[in-house]
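In what follows, a structure is listed as structure tokens, so that the remarks can point back to it.
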Amino acid sequence: MKWDEMRESDNVEDERGNGSSSGSGSSSANLLGGLGAGGMAIAVIIGLIFKVDPAQILSFLTSTKTAPAPQALVKTPIKDRDSAFVKSVLGDTEDTWAKIFKQQLKTNYQPPKLVLFDGSVNSACGSAQTSAGPFYCPADSKVYLDMGFFKYLEATAGDDADFARAYAIAHEVGHHIQNLRGTSGKVRQLKSGSSKTQANELSVRIELQADCLAGVWGHFASQRQLIGDRDIAKALDTATQIGDDYLQKQSRGGHVIPESFTHGTSQQRVTWFKRGLEAGNIDQCDTFAAQQL
């Protein structure tokens, strides 16, 4: 992946070393006290794709401390490979979506801010730890990303982790696009009057759409030869191994509960990511109009 040829974004806020304390309030990202689906997914991805023991990764995620570091030990982060990578990928999503919004939607794109943090962070959606995995908060239009875990990926998987990390960023930017278009707000309203099973199905559709939107970005990155066949193959492997059915088999001893799915099966995630990747058209990502996911 030629991320060093991408333009760096100015919309990154580096909160590493600030020692955020736990916030209050409810949140879709409020996963304190347990390992979130995002964290579990990342653990399985790295364990199976990059041949690292998932138990070791889960231990790393759940042992992350939330207490602020002593001020004497806090060092303001300077530009490093991780932050340069994130800024470059985010910058490329900005350039890509600006063109897509203008050409396909006839409007201007408003990019999100991306917050880098270590350990824990407060957002307008509440508080979260490393175990939550990357997340998007529609209340402040920001993507939140724990860089401590990104550094761990680099140490264990090296450059092979790059597109898996880029995929995670592009997926969260996909949620931002849903917010801009009013999709996420409509889904929240529908969920409020739905049963648990119906709400989960809506969650699956919005997550699959974010996968497809990540694929749309990948389409244009591939056209400009910034990602290659090996990167795409790894992205498809990643999509396969973060399906709800796959994750439940890993965590429940092979037992799967389809009505509890919130992100889609492995096959669905591959299908929708690949659909965006091949089409490069936002209109091909309408998971809510699809009868068959």
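The values are calculated or read from the model by the stated rules, or taken from the named source; none is laboratory data. The structure displayed is predicted, hence computed values, not measured ones. Cβ sites come from the backbone with ideal geometry, for glycine too, and all protein chains shown count toward neighbours.
Computed values, structure above
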read-out	value
Only listed residue being part of a strand (DSSP E or B) and either under 13 Å from the mean Cα position of the chain (by Cα) or at pLDDT below 90 (or both), chosen from Leu153, Leu145	Leu145
Filtered residues of the range 162-211 (kept if over 14 Å from Phe135 (Cα atoms), touching a Lys or Arg at 6+ places or on another chain (Cβ under 8 Å) and buried (at least 24 other Cβ atoms within 10 Å of the Cβ))	Phe163, Leu208
Residue list for the range 229-287, filter: assigned to a helix (DSSP H, G or I), among the small types (Gly, Ala, Ser), modelled with pLDDT under 65 and over 14 Å from Ala170 (Cβ atoms)	Ser251, Ser260
Positions within the range 170-195 being charged (D, E, K, R) and within 15 Å of Tyr144 (Cα to Cα), in sequence order	Glu172
The range 76-120, subset of a type in the set (A, V, I, L, M, F, W, C) and out of contact with any helix residue (DSSP H, G or I) (no Cβ under 8 Å at 6 or more places or on another chain), residue modelled with the lowest pLDDT	Ile78
